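Structure record follows, encoded as C-alpha cells.
The values are calculated or read from the model by the stated rules, or taken from the named source; none is laboratory data. Nothing here was measured: the structure is a model prediction, and the numbers come from that model. Because the Cβ atoms are built from the backbone with ideal geometry, glycine has one as well, and the counts that use them run over all protein chains shown. To get the accessible areas, we keep the full protein, side chains included, count just its heavy atoms, and leave off ligands, DNA and RNA. Shrake-Rupley method; radii C 1.70, N 1.55, O 1.52, S 1.80 Å.
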Amino acid sequence: MSRSFDVVVIGAGPAGYIAAIRAAQHGMTAACIDEWKNKDGKNAFGGTCLNAGCIPSKALLESTELYHRAQHEFKKHGIRTGDVEMNIADMQKRRASIVRQLTGGIAGLFKANKVEGLVGHGKLLPGKKVEFTPVSGDAEIIEAKHVILAAGSAPIELGIAPFDDERIIDSWGALELDAVPERLGVVGAGVIGLELGSVWSRLGSKVTVLEALDDFLFMADRDVAKVAAAEFKKQGLDIKLGAKVTRASTDGDAVTVAYEDEDGAHSIEVDKLIVAVGRRPYTDDLFSDDAGIQLDERGFVVVDEECRTRVKGVYAIGDCVRGPMLAHKGSEEGVMVADLIAGEFAEVNYDVIPSVIYTAPEIAWTGKTEEEVRDSGRAYKTGSFPFMASGRAKAMEQTSGMVKVISSQDDDEILGVHIVGPMAGELIAEAVVALEFSASTEDLQRTIHAHPSLAEAVHEAALAVDKKALNFPNK
Ligand code: FAD
Ligand code: AMP
C-alpha cells in the first residue's frame, strides 16, 4: 500500500520547509522531499538559502567585514593589534559549521513537528501522486491531498562564459574558494555579485565588476544607489557600468573576459570569474508532462496571487514562481499556502517585501522608490537624514549613508523607506511594519525611538519629510 499524506512538499528550501512545518502545525500529516547534495557529497535540507546562498554569504561577509575593520578601524578606537592576518581555511571552516548547524536544525524541526523529511527526488504525477526516488533504493508512489512545489532556482549560465567550476564559477563556487584570487572578475552588479565581490575584495582581491546596464542598482532608489556607488568605489571595487560581457575563455591559469561598452570592445584578464547574472527557476524533472502544470515563457510555474497552480490542490511557492527571488518571500508564501489549505484566511502583501543587500554599508528598502512614486503621478514629499548626524553611528565609526522616507502629499501615508548605512537590513524592519499597517509619516514621527540608536535616523528622516528634523538642518 502506498503512503499518503495531507500535504507533500517538494523542496526543503526556505519556502518548502516552512510550508511543511506550518502544515504540520495545523495538524495535517506532512512530508517534505529534498535532494540537495553539498560539495562534500552529503545531503542536507535548507536548499540554496542555507547551503549556498543567504547563510554562507552572510557568514563570509561578517568574517571579512571584521577583518577589514580590524585593519582599518581598530586603530581609531585605540586598539593596537599588530599585523592582522586572515586564515582562509578557518574562515571557511566557520562558514561550513554555521551551515551544518542550521541545516541540521531543519532536520530537528521536522522531527519536533512530525514532518516526514524524505531525502531524494520528488516528481509530481497526475492525480496529486508524487513519485519519490530515495538516494538509494526503489522509487515509491506517495499519495497526497495537497502538493506544494518549492523547487527553487539555479544560477543562470551564460553560453558565452560556461561554468568550468575551476576558473569560471557560479555564486556557490565563489562562496567556497579556498584561496584569495589575486584578480577577480564578476559578471553582474546585482545583489549576489556585489556581496561576493565585497567578500573577496576585503580579503585582497582586485575586483572588477562588469555590468551590462548603465544604471547602477537599477531596482533601488536613485539617491541610495548614488551613495552606494560612491562607497563601493572608495572601497576599491571597480564597477564598470554599460559593460556587456561578450565572451570569457580560460587560457592556462587565467580567464580572458571580453566586454563591450560605448567606447568599443575591451578585454581584461582575471584569475577567477564569478558569473552572477541572475537565477532561473529550477523545475527540471519536477513534474510529468501530463501533470497539468504550466510554465510561463521564463520557466516559472504559473500561479495565481495565492500560489495555486492550474491543478486543483497543487500549489507552487518560492523562487520557482513569479516575484522577487528572496528567502523571506518564499517562506511567507509557504505559510500562506499551508494556512489556506487549513481553511484559514491568508495572504502575502507583495507590496512591502523588504530587499536587503548585505554589503558595507548595507542597503535596504521597502515600498516604492521615488522614481516609482513619481511615475505613478501621485503627489509626494520626501525627507532624509544622514548617518553622519547620528550619535550612535559616530560611536560605531560607521557614518556613511542615510535614511530616506517617501510619503504621499495628500494623506501622509508612507510609501517607501530606503536606507543605505550601518545595519540597514535590521533598521528596515521598522519601516516594513509601518507600511504593513499603512502608517502615516506622523505615526513614525510620534513614535519614541531610543537614544542613541541607529533607528533615530529613521525617526529623523520621517520628521524631515515635514521639515521637522531636529538634529540636522531641514532643506
Ligand atoms: P531553494 O532554496 O532553491 O530550495 C529548493 C530546494 O528544492 C533545493 O534544496 C533543491 O535541491 C530542492 N529540489 C528542487 N527540485 C527538487 C525535486 N524535484 N526533488 C527534490 N528536491 C528538489 N535571499 C534572501 O532573502 N536574502 C539573502 O541574503 C540572500 N542571499 C543569497 C545569496 C546567494 C549567494 C544566493 C545564491 C541566493 C541568495 N538569496 C538570498 C536568495 C535565496 O537563497 C532564495 O530566494 C531562496 O533560497 C529561495 O528559496 P526556495 O525554497 O524557493 O528555493
Ligand atoms: P541579479 O539578477 O540581481 O542577480 O543581477 C544580475 C545582473 O547581471 C543584472 O544587473 C544584469 O544586467 C547583469 N548581466 C546579465 N548579463 C550580463 C552580461 N553579459 N554582461 C554584464 N552584465 C550582465
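Does G11 fit the bill of being of a type outside the set (S, T, N, Q), on the phi > 0 side of the Ramachandran plot and modelled with pLDDT under 95? Don't jump to the end; show me each part of the working.
Working: of a type outside the set (S, T, N, Q): yes; on the phi > 0 side of the Ramachandran plot: yes; modelled with pLDDT under 95: no.
No, not satisfied.
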Tally time: how many residues in segment 138-168 are more than 15 Å from ligand 1 (Cβ to nearest atom) and open to solvent by less than 60 Å² (accessible area, probe 1.4 Å)?
5
Please specify each residue of segment 349-385 satisfying the condition of being over 26 Å from E442 (Cα atoms) and of a type in the set (V, I, T).
I357, T359
From the list E397, E344, E370, which one is surrounded by 17 or more Cβ atoms within 10 Å (Cβ to Cβ) and among the acidic types (D, E)?
E370
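Please report, ordered by residue number, the strands (runs of 3 or more DSSP E) entirely within segment 85-174 with at least 1 residues that are on the phi < 0 side of the Ramachandran plot, in contact with a strand residue (DSSP E or B) (Cβ under 9 Å, 6 or more places away or on another chain) and of a type in the set (S, T, Y).
Numbers: elements: 115-125, 129-134, 140-149, 153-155.
Passing ranges, in order: 129-134, 153-155.
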Can you find, within segment 117-127, the residue that is farthest from the chain's Cα centre (by Cα) among those that are more than 10 Å from ligand 1 (Cβ to nearest atom) and open to solvent by less than 60 Å² (accessible area, probe 1.4 Å)?
P126
Among (1) part of a helix (DSSP H, G or I); (2) open to solvent by 50 Å² or more (accessible area, probe 1.4 Å), there is one condition T447 misses while meeting the rest; what is its number?
(1)
Looking at A96, A52, A59, A70 in this structure, which one is within 16 Å of ligand 2 (Cβ to nearest atom), farther than 25 Å from Q25 by Cβ and open to solvent by less than 50 Å² (accessible area, probe 1.4 Å)?
A52
Matching residues in segment 158-206 - criterion: being more than 14 Å from T64 (Cα to Cα), acidic (D, E) and within 14 Å of ligand 2 (Cβ to nearest atom):
D170
Between T64, T81, which is hydroxyl-bearing (S, T, Y) and either in a helix (DSSP H, G or I) or within 16 Å of ligand 2 (Cβ to nearest atom) (or both)?
T64
Number of positions in segment 462-473 that are in contact with a Lys or Arg (Cβ under 6 Å, 6 or more places away or on another chain) and under 9 Å from F385 (Cα atoms)
0
Residue that is hydroxyl-bearing (S, T, Y) and either closer than 30 Å to K312 by Cβ or not assigned by TED's automatic domain parsing to the domain that holds C320 (or both), where the choices are T48, T64
T48
Taking the stated definitions as given, is V191 under 23 Å from L326 (Cα atoms), within 12 Å of ligand 1 (Cβ to nearest atom) and open to solvent by 10 Å² or more (accessible area, probe 1.4 Å)?
yes
Tell me which of these G323 doesn't satisfy, since it passes every other one: (1) within 15 Å of ligand 2 (Cβ to nearest atom); (2) in a loop (DSSP other than H, G, I, E, B); (3) within 25 Å of G173 (Cβ to Cβ).
(3)
Taking into account only those residues within segment 308-326 that are in contact with a strand residue (DSSP E or B) (Cβ under 7 Å, 6 or more places away or on another chain) and closer than 15 Å to L286 by Cβ, which is surrounded by the most Cβ atoms within 10 Å (Cβ to Cβ)?
I317
Taking the condition acidic (D, E) and open to solvent by less than 30 Å² (accessible area, probe 1.4 Å), does D351 pass?
no
Condition first: open to solvent by 60 Å² or more (accessible area, probe 1.4 Å) and either farther than 29 Å from E362 by Cβ or within 16 Å of ligand 1 (Cβ to nearest atom) (or both). Now tell me which residues in segment 224-261 satisfy that.
R247, T250, D251, G252, D253, E260
